[in-house]
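Here's the structure, in structure tokens; my notes come after.
The values are calculated or read from the model by the stated rules, or taken from the named source; none is laboratory data. Since we're looking at a predicted model, the values are computed, not measured. For neighbour counting, all protein chains shown are included, and Cβ atoms are generated from backbone atoms with ideal geometry for every residue, glycine included. Keep in mind that these areas ignore ligands, DNA and RNA; they rest on the heavy atoms of the full protein, side chains included. Shrake-Rupley method; radii C 1.70, N 1.55, O 1.52, S 1.80 Å.
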Amino acid sequence: MSKIEKRYHWMLDEVKSAGRENLDADHASQYDFKEDASVMEELALMKRLGLNGQSEVVDIGAGTGQFTLAVASLCTRVVAVDVSPVMLDVLKAKVSASRLPNVEVVQSGFLTYEHQGRQADFVYSRYALHHLPDFWKALALQRLRHIVRTGGVLRLWDVVYNFDPSEAKERLDAWCATLSDRPEDGWTRADLEEHIRDEHSTFAWLLEPMIERSSFHIENVVYSPDGIFARYVARAI
């Protein structure tokens, strides 16, 4: 338990909010099979945004570290932050095997991570913010702004609903229908149903004002055609 959690008993427990599957060692061991983080595409984007050998990066919600390990060879320092001990076990094994000297692994979350050293040039977060209800998302985004320097970049991917509430049943049913019930194929329909039911993905028209109120300017956003996913580039102002 962090110092913040000891002092403020009303603080959300981010470990309990991490999602059942992210605290399961079997899931963590299979995560890289299930999920492709598109790291080459992401690194190309980050380099266009100014990533170089002097950059410092914080990867929050790093999971098994697909992005962490890829970006480490291109920057001076990367801090991989995650609340899940089983995800971090996988990540630490990878870091040890890679012998990368510039990767730091921290067990913490959006609401508890305390950045050490100079402000980061980039904060990266993929499929993690949705574990927080909207009140806590707003606090988390303000904390991320303190981590990144003015002019730095927040790269945020997530399940973000870009449709009207009246469309929810049709859109979400269609999303769930894209997957089978076979675990051997990777993600399943039941996984999507669990995400919708138990996690906290929100509407774009709620999330985006939170981002901008936290002193980020949204420079670019790409929504998936089905209205389920969004990828943001936000500049700290």
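Values for this structure:
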item: Residues of region 132-152 classified as touching a strand residue (DSSP E or B) at 6+ places or on another chain (Cβ under 6 Å) and either of a type in the set (A, V, I, L, M, F, W, C) or under 17 Å from Leu12 (Cα atoms) (or both), total; result: 4
item: Yes/no for Leu23 being farther than 25 Å from Glu194 by Cβ and either open to solvent by 40 Å² or more (accessible area, probe 1.4 Å) or among the aliphatic types (A, V, I, L, M) (or both); result: no
item: Residues being open to solvent by 80 Å² or more (accessible area, probe 1.4 Å) and assigned to a loop (DSSP other than H, G, I, E, B) - total across region 185-237; result: 2
item: Matching option when the condition is touching a residue at least 60 places away in the same chain (Cβ under 8 Å) and over 18 Å from the mean Cα position of the chain (by Cα), among Ser201, Ser215; result: Ser215
item: Qualifying positions in region 104-151 - hydrophobic (A, V, I, L, M, F, W, C), more than 18 Å from Val78 (Cβ to Cβ) and outside any helix (DSSP H, G or I); result: Leu111, Leu132
item: So Ala44, is it within 18 Å of the chain's Cα centre (by Cα) and over 22 Å from Glu184 (Cα atoms); result: no
item: Among the candidates Thr188, Thr178, residue that is of a type in the set (Val, Ile, Thr), farther than 21 Å from Ala128 by Cβ and free of Cβ contacts under 8 Å to residues at least 60 places away in the same chain; result: Thr178
item: Qualifying positions in region 72-89 - open to solvent by 10 Å² or more (accessible area, probe 1.4 Å), under 20 Å from His131 (Cα atoms) and among the aliphatic types (A, V, I, L, M); result: Val83, Val86
item: Search result, residues across region 110-150 that are of a type in the set (Gly, Ala, Ser) and open to solvent by less than 20 Å² (accessible area, probe 1.4 Å); result: Ala120, Ser125, Ala128, Ala140
item: Any hit, region 167-184, residues being assigned to a loop (DSSP other than H, G, I, E, B), modelled with pLDDT under 95 and basic (Lys, Arg); result: yes
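Okay, residues lined up against (1) open to solvent by less than 30 Å² (accessible area, probe 1.4 Å); (2) outside any helix (DSSP H, G or I); (3) of a type in the set (A, V, I, L, M):
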| position | (1), (2), (3) |
| --- | --- |
| Gly53 | no, yes, no |
| Gly63 | yes, yes, no |
| Ala70 | yes, no, yes |
| Lys92 | no, no, no |
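Yes or no, residue by residue, for (1) closer than 30 Å to Lys16 by Cβ; (2) polar (S, T, N, Q); (3) out of contact with any Asp or Glu (no Cβ under 6 Å at 6 or more places or on another chain):
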{"site": "Val58", "(1), (2), (3)": "yes, no, yes"}
{"site": "Leu74", "(1), (2), (3)": "no, no, yes"}
{"site": "Ala80", "(1), (2), (3)": "yes, no, no"}
{"site": "Asp89", "(1), (2), (3)": "yes, no, yes"}
{"site": "Lys92", "(1), (2), (3)": "yes, no, yes"}
{"site": "Leu100", "(1), (2), (3)": "no, no, yes"}
{"site": "Glu114", "(1), (2), (3)": "yes, no, yes"}
{"site": "Ile147", "(1), (2), (3)": "yes, no, yes"}
{"site": "Thr150", "(1), (2), (3)": "no, yes, yes"}
